[in-house]
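> Attaching a single structure in structure tokens format; questions to follow.
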Amino acid sequence: MNVTKIISILLLIGSLGLAYFLFDDINTEIKAKEQIASQEAAVIDRLMLIREAEIAYQEVNGKYTSDWDKLADFIANGQFPIVERKETVYTLSYGADSTVVSYDTLGMIPAKERIFIQTHNVTAANNGTFVNFIAEVGSNVTKSSGAYVLNQDGKRTTHKFRDNGKVVKKENISAGQKVTKGDLLMTLEETKFNENIDLSQLAYVPGLDNVKFEIFADQLDKNGSAVNVIEVKNSHPFDPTRTEDAEIKGRKPLRFGSRTDVTTSGNWE
């Protein structure tokens with residue numbers, strides 16, 4: 001074997017070795033990013049649950065709480081008023097629509113039902129003559145799937161769901177009945193969170209042993225009025241590039257709310 005062949009073989013071996021190490025390095029980086037994304041998804045889901053519970057707690061008690069035990073107990077044992085929202089749409093003389101909204105308190109439900117399940121009212125999108133429902137009670141439906149059919153000015157129009165959920169109620173409407181824009185037609189229920197969550201772990205960051213979310217709740221004076229503020233954040237981010245001094249809000253540690261502003265928005269949104 002001459003020198004040229006030996007050098008060629010050595011270069012080939014070196015190239016293959018370099019390609020392997022580059023591939024391994026890139027693959028490791030991809031897996032690390034996927035793991036961080038998975039960990040952050042779990043954190044966001046927990047923050048969304050805490051936010052929903054805090055909003056419900058505030059609606060019942062008039063303020064947020066920074067006491068994890070109180071919040072967990074409210075989720076497990078609290079009661080929440082059932083408020084029915086009704087919309088009546090009037091067409092004004094110049095053609096524009098005017099909507100009048102009224103609220104009626106019908107009773108109480110477990111707070112857990114309010115927090116974990118979201119109700120969506122499906123209302124008539126236009127004036128017309130009712131033809132038929134497409135989805136049946138008990139069926140699971142998805143956004144943009146067919147909901148009901150109206151006859152509008154002689155044309156059959158299929159209207160679609162705007163939300164995901166399970167059909168729990170259809171109003172008593174018969175084919176040929178006139179409906180007005182805004183009339184309630186159907187009710188959906190959507191499960192937002194895992195109802196089997198261990199509430200004793202509510203305060204803890206998923207994936208981190210014994211690390212709690214940082215929570216702040218208070219009432220502040222804003223122009224002479226008392227306002228409620230809340231902030232909950234993960235002060236131990238999985239992504240090392242998330243820092244408090246990041247200029248972009250979305251690159252700070254995951255959180256919702258603010259210590260100084262009236263908001264419950266999350267910085268992942």
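> Those residues that are open to solvent by 60 Å² or more (accessible area, probe 1.4 Å), touching a residue at least 12 places away in the same chain (Cβ under 8 Å) and not charged (D, E, K, R), I need them from region 89-114; list them, please.
Of everything in region 89-114, those that are open to solvent by 60 Å² or more (accessible area, probe 1.4 Å), touching a residue at least 12 places away in the same chain (Cβ under 8 Å) and not charged (D, E, K, R) turn out to be THR99, VAL100, TYR103, THR105, LEU106, MET108, PRO110.
> Of the residues that sit in region 216-251 and are touching a Leu at 6+ places or on another chain (Cβ under 9 Å), of a type in the set (A, V, I, L, M, F, W, C) and open to solvent by less than 70 Å² (accessible area, probe 1.4 Å), which one is farthest from GLU40 (Cα to Cα)?
Ranking the candidates gives VAL227 first.
> Limited to region 185-211, what total is found for residues that are touching a residue at least 12 places away in the same chain (Cβ under 8 Å), open to solvent by 50 Å² or more (accessible area, probe 1.4 Å), over 20 Å from SER38 (Cβ atoms) and not in a helix (DSSP H, G or I)?
So the count comes out to 4.
> Step by step: first the residues of region 143-184, then only those that are touching a residue at least 40 places away in the same chain (Cβ under 8 Å) and on the phi > 0 side of the Ramachandran plot, then the one that is surrounded by the fewest Cβ atoms within 10 Å (Cβ to Cβ). Which residue is that?
GLY176
The values are calculated or read from the model by the stated rules, or taken from the named source; none is laboratory data. Treat the numbers as computed from the prediction; the structure is a model and nothing was measured. We place every Cβ from the backbone using ideal geometry, glycine too, and count neighbours over all the protein chains shown. Please note that ligands, DNA and RNA were not included when accessible areas were found on the heavy atoms of the full protein model with its side chains. Shrake-Rupley method; radii C 1.70, N 1.55, O 1.52, S 1.80 Å.
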